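Accompanying notes for the structure given below.
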Amino acid sequence: MDSRLDGRAIAKSVRTATRNAVESFSAHADPPALAVVLVGDHPASASYVRGKKRAASEVGIQSTVHRRDASISQHELLDLIRTLNADDAVDGILVQLPLPDHIDQYAVIETIDPTKDVDGFHPQNLGRLLIGTPQFVPATPAGIMVLLERALDDLAGARAVVVGRSNIVGKPLAALLMQRDANATVTVCHSRTRDLAAHTKAADIVIAAAGRPNLITADMVSDGVTVIDVGINRVDDDSRERGYRLVGDVDYDAVAPKAHAITPVPGGVGPMTIAMLLRNTLQAAQHRRA
Ligand code: NAD
Ligand code: L34
């Protein structure tokens, strides 16, 4: 049986629903507008931002990329964000991470108007998520919940193991999984976890978000497991034109035969992240212009 969970196809269906809703919205208002801030020339960031811009245009969302040199001062970056906050024509603001080391990422995120924070990274939005009254749900965890809903009838009581405790994936995902509407039993593992395999083996659902190729191997999971591979790792590959290929955190070929469902990399969580960002941007426009 094929266990592959096709993030590309599911993301497409999410985008189609968003495109239809954007069309109705734009019949009586300016289209939703997204401002993306891209600092420096991190090659992966530039490629993700291109993907976001292309997808926005496909669903009828207007987007503007504000590119700034890596040498921008924190003061100048905060000023740019304040300008975007004050601009009524901007519905959503996204600052692509990571930022250069001399910039305090938290200060930047806290400066974004929470009602325009389509990434859902502002402390107010993360706090609301934790309490169970979310405004904007971070795109990657939101996309993972959609994938899990497609793979499983019911998450209630399921043993879910999240590997990774970042503010953008692991922590908000753990909050969503333990929410009253999902009801999973959640374990969060990280770099200091003892005997990771004992946790993953006992899990019905494993979500790998560590950024370590081949961290999750076949011997670490049980038959019938559902696996969501969030990791995006570039590994050298001379046979590819660009000199590398993308792999996740999971040994896909060995784990897939044991799995009920498993997402590939690429074509799994990545496209969902972009689809959920577009949904959040529409929601920001609807909320702000109601
Ligand atoms: P991060 O890079 O900030 O942190 C990694 C986390 O993994 C840490 O919490 C750490 O404790 C844990 N970890 C590291 N090594 C481990 C090990 N050996 N065992 C157990 N835990 C370990 O996390 P992030 O920003 O969430 O990114 C994680 C990965 O997900 C990266 O590969 C990133 O590129 C990818 N990512 C993908 C998407 C997407 O849309 N597909 C979105 C965000 C991040
Ligand atoms: N502010 N920073 C902010 N918001 C985010 O939501 C992100 N993230 C992560 C990095 N920094 C961020 C993203 O957008 C990671 N991320 C992201 C977005 C898209 C894809 C992967 C990560 C994606 O489209 N992945 C494709 C492959 C792309 C390729 O070929 O390079 C996939 O199929 O997985």
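The values are calculated or read from the model by the stated rules, or taken from the named source; none is laboratory data. In this text, all values refer to a predicted model and were calculated from it rather than measured experimentally. Because the Cβ atoms are built from the backbone with ideal geometry, glycine has one as well, and the counts that use them run over all protein chains shown.
When segment 27-51 is examined, which residues are found to be crowded, with 16+ Cβ neighbours inside 10 Å and farther than 30 Å from Arg242 by Cβ? Please lay out each step first, then the result.
At the first step, the residues of segment 27-51 found to be crowded, with 16+ Cβ neighbours inside 10 Å are 31-40, 42, 45, 48-49.
Matches in segment 27-51: Pro31, Pro32, Ala33.
Considering each of Leu78, Leu38 in turn, give the residue that is under 25 Å from Gln105 (Cβ atoms) and more than 18 Å from the chain's Cα centre (by Cα). Give the derivation first.
Working: Leu38 fails: more than 18 Å from the chain's Cα centre (by Cα).
Residue meeting the stated conditions: Leu78.
Return the pairs, sorted by first residue and then second, in which the second residue is of a type outside the set (Val, Ile, Thr) and at pLDDT 95 or above, the first residue lies in segment 57-72 and is closer than 13 Å to His102 by Cβ, the beta carbons are less than 6 Å apart, and the residues are 6+ apart or on different chains.
Ala70/Gly40; Ala70/Pro100
What number of residues within segment 208-227 satisfy the criterion of being away from ligand 2 (no atom under 16 Å from the Cβ) and surrounded by fewer than 16 Cβ atoms within 10 Å (Cβ to Cβ)?
Of the residues in segment 208-227, 7 are away from ligand 2 (no atom under 16 Å from the Cβ) and surrounded by fewer than 16 Cβ atoms within 10 Å (Cβ to Cβ).
So how many residues does segment 82-122 have that are more than 14 Å from ligand 1 (Cβ to nearest atom), surrounded by 13 or more Cβ atoms within 10 Å (Cβ to Cβ), within 15 Å of Ala33 (Cα to Cα) and acidic (Asp, Glu)?
Here the count works out to 4.
What pairs come out if I take residues in segment 1-24 that are under 21 Å from Gly60 (Cβ atoms) and part of a helix (DSSP H, G or I) and pair them with residues that are within 14 Å of ligand 2 (Cβ to nearest atom) and hydrophobic (A, V, I, L, M, F, W, C) whose C-beta lies under 6 Å away, six or more apart or interchain?
Within 6 Å, the pairs are Ala11/Met272; Ala11/Ala275; Val14/Ala275; Arg15/Ala275; Thr18/Leu278.
From the residues in segment 62-76 that are more than 15 Å from ligand 2 (Cβ to nearest atom) and either of a type in the set (D, E, K, R) or within 17 Å of Gly92 (Cβ to Cβ) (or both), which one is surrounded by the most Cβ atoms within 10 Å (Cβ to Cβ)? Walk me through how you get there before you give the answer.
Residues of segment 62-76 that are more than 15 Å from ligand 2 (Cβ to nearest atom), as a first pass: 62, 64, 69-76.
Applying the additional criterion that residues be either of a type in the set (D, E, K, R) or within 17 Å of Gly92 (Cβ to Cβ) (or both) yields 62, 64, 69, 76.
Numbers: Gln62: 19, Thr64: 14, Asp69: 10, Glu76: 12.
Residue satisfying both the conditions and the ranking: Gln62.
Is it true that some residue in segment 216-226 is touching a residue at least 40 places away in the same chain (Cβ under 8 Å), within 16 Å of ligand 1 (Cβ to nearest atom), assigned to a strand (DSSP E or B) and under 28 Å from Asn125 (Cβ atoms)?
Within segment 216-226, none of the residues are touching a residue at least 40 places away in the same chain (Cβ under 8 Å), within 16 Å of ligand 1 (Cβ to nearest atom), assigned to a strand (DSSP E or B) and under 28 Å from Asn125 (Cβ atoms).
Looking only at segment 220-237, decide whether some residue is in contact with a helix residue (DSSP H, G or I) (Cβ under 6 Å, 6 or more places away or on another chain), among the polar types (S, T, N, Q) and closer than 16 Å to Gly51 by Cα.
Checked segment 220-237: no residue is in contact with a helix residue (DSSP H, G or I) (Cβ under 6 Å, 6 or more places away or on another chain), among the polar types (S, T, N, Q) and closer than 16 Å to Gly51 by Cα.
Can you pull out every residue in segment 51-64 that is over 19 Å from the mean Cα position of the chain (by Cα) and β-branched (Val, Ile, Thr)?
Correct list: Thr64 only.
If a residue must be over 18 Å from Asp117 (Cα atoms) and not hydroxyl-bearing (Ser, Thr, Tyr), how many such residues does segment 30-63 contain?
Within segment 30-63, residues that are over 18 Å from Asp117 (Cα atoms) and not hydroxyl-bearing (Ser, Thr, Tyr) number 14.
Within segment 158-175, take every residue that is within 15 Å of ligand 2 (Cβ to nearest atom) and of a type outside the set (S, T, N, Q) and give me the one that is surrounded by the most Cβ atoms within 10 Å (Cβ to Cβ).
Residues of segment 158-175 within 15 Å of ligand 2 (Cβ to nearest atom): 164, 166-173.
Okay, now just the ones that are also of a type outside the set (S, T, N, Q), so 164, 168-173.
Details: Gly164: 24, Ile168: 19, Val169: 25, Gly170: 22, Lys171: 18, Pro172: 25, Leu173: 29.
Of everything passing the filter in segment 158-175, Leu173 is surrounded by the most Cβ atoms within 10 Å (Cβ to Cβ).
Regarding segment 202-213, can at least one residue be identified that is in contact with a strand residue (DSSP E or B) (Cβ under 9 Å, 6 or more places away or on another chain) and either modelled with pLDDT under 95 or among the polar types (S, T, N, Q) (or both)?
We begin by selecting, within segment 202-213, every residue in contact with a strand residue (DSSP E or B) (Cβ under 9 Å, 6 or more places away or on another chain); these are 202-213.
Cutting the leftovers down to either modelled with pLDDT under 95 or among the polar types (S, T, N, Q) (or both) gives us none.
Among the residues of segment 202-213, not one is in contact with a strand residue (DSSP E or B) (Cβ under 9 Å, 6 or more places away or on another chain) and either modelled with pLDDT under 95 or among the polar types (S, T, N, Q) (or both), which makes the answer no.
Return yes when Ala182 is surrounded by 15 or more Cβ atoms within 10 Å (Cβ to Cβ), under 20 Å from the mean Cα position of the chain (by Cα) and more than 20 Å from Tyr252 (Cβ to Cβ) and no when it is not. Working first, answer last.
Working: surrounded by 15 or more Cβ atoms within 10 Å (Cβ to Cβ): yes; under 20 Å from the mean Cα position of the chain (by Cα): yes; more than 20 Å from Tyr252 (Cβ to Cβ): yes.
Judged against the criteria, Ala182 is a match.
Would you call Ser191 within 16 Å of ligand 2 (Cβ to nearest atom) and surrounded by fewer than 23 Cβ atoms within 10 Å (Cβ to Cβ)? Working first, answer last.
Working: within 16 Å of ligand 2 (Cβ to nearest atom): no; surrounded by fewer than 23 Cβ atoms within 10 Å (Cβ to Cβ): yes.
No, not satisfied.
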